[in-house]
Amino acid sequence: MRVFFHTLISLLCVSGALAADRPWLQVSVPSAAEAAAGFESPSPENGMTLWWGWDGPVNEQVIKRDLDRIQAMGFTGVMIEAGSRMEQKYLSPGWFNLFKVAVAEAKARNMRVWVEDEGKYPSGFVGGRFTKERPDLCMQALADGEQIDVAAGTTVTRKVEQQTICAVAYNLDNNENKVLEIKDGAVMFTAPMQGKAPRNNNMSN
């Protein structure tokens, strides 16, 4: 316990020394008066940031062209988002080389660069690599399947796909519902009768 405590203190001290050498890492919280004074002409850190999607052919010329246009529109920073249709795939050596060019060109224009933490939304897919390399771990979701209108007194038998997990009969008149049995890959349902007036039921799977 004592060794861990001493190690933790040492790490905190090293971290503090690094932050002192890199003032741009420090969090700045201006007062309301300071923010108001720089509102019309904010510093690059406090100016507008454009979400910059790299989703197609990206090279040095494209980066320079885009940054010039972005700056001309009044933006002082960009958030780089790696797209899925890039020639240089996300996290490849070519992608990092392009990113290095973007940082250098932004610095030459006194602009700031932010990084989205993932290749396309949402986080955790590593630009599609996770799905390709581990398809067995892909997420699954429920989807609304076929809906069938069934008249009162009518019997319907329907084969269902293997991934179907539930079939429900829903009465549109009184909002009652009933979970139906799926047997041998099929579901059978007979819409009940009420008095002499026919009515519609809805079956979904």
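Here the condition is being of a type in the set (Phe, Trp, Tyr), free of Cβ contacts under 8 Å to residues at least 60 places away in the same chain and surrounded by fewer than 17 Cβ atoms within 10 Å (Cβ to Cβ); of Phe39, Phe99, it holds for Phe39 alone.
Filter the stretch 84-127 for residues that are touching a Leu at 6+ places or on another chain (Cβ under 8 Å), among the hydrophobic types (A, V, I, L, M, F, W, C) and closer than 14 Å to Gly53 by Cα and give the result. Listed by number, the list holds a single entry, Ala102.
The C-beta contact set for the stretch 43-54 (first residue more than 15 Å from Val103 (Cα to Cα), second residue modelled with pLDDT under 90 and open to solvent by 40 Å² or more (accessible area, probe 1.4 Å), distance under 8 angstrom, 6+ apart or interchain) comprises Asn46/Pro30; Asn46/Ala35.
Filtered by the rule that a residue be part of a helix (DSSP H, G or I) and either closer than 19 Å to Thr76 by Cβ or at pLDDT below 85 (or both), the stretch 26-40 gives Glu34, Ala35, Ala36, Ala37. Just checking, does the stretch 133-153 include any residue being modelled with pLDDT under 85, part of a helix (DSSP H, G or I), in contact with a Phe, Trp or Tyr (Cβ under 9 Å, 6 or more places away or on another chain) and open to solvent by less than 100 Å² (accessible area, probe 1.4 Å)? Yes, because at least one residue in the stretch 133-153 is modelled with pLDDT under 85, part of a helix (DSSP H, G or I), in contact with a Phe, Trp or Tyr (Cβ under 9 Å, 6 or more places away or on another chain) and open to solvent by less than 100 Å² (accessible area, probe 1.4 Å).
The values are calculated or read from the model by the stated rules, or taken from the named source; none is laboratory data. Since we're looking at a predicted model, the values are computed, not measured. Neighbour counts are summed over all protein chains in view; Cβ atoms, including those assigned to glycine, are modelled from backbone coordinates with ideal geometry. Just the protein is used for accessible areas: all its heavy atoms, side chains included, with ligands, DNA and RNA removed. Shrake-Rupley method; radii C 1.70, N 1.55, O 1.52, S 1.80 Å.
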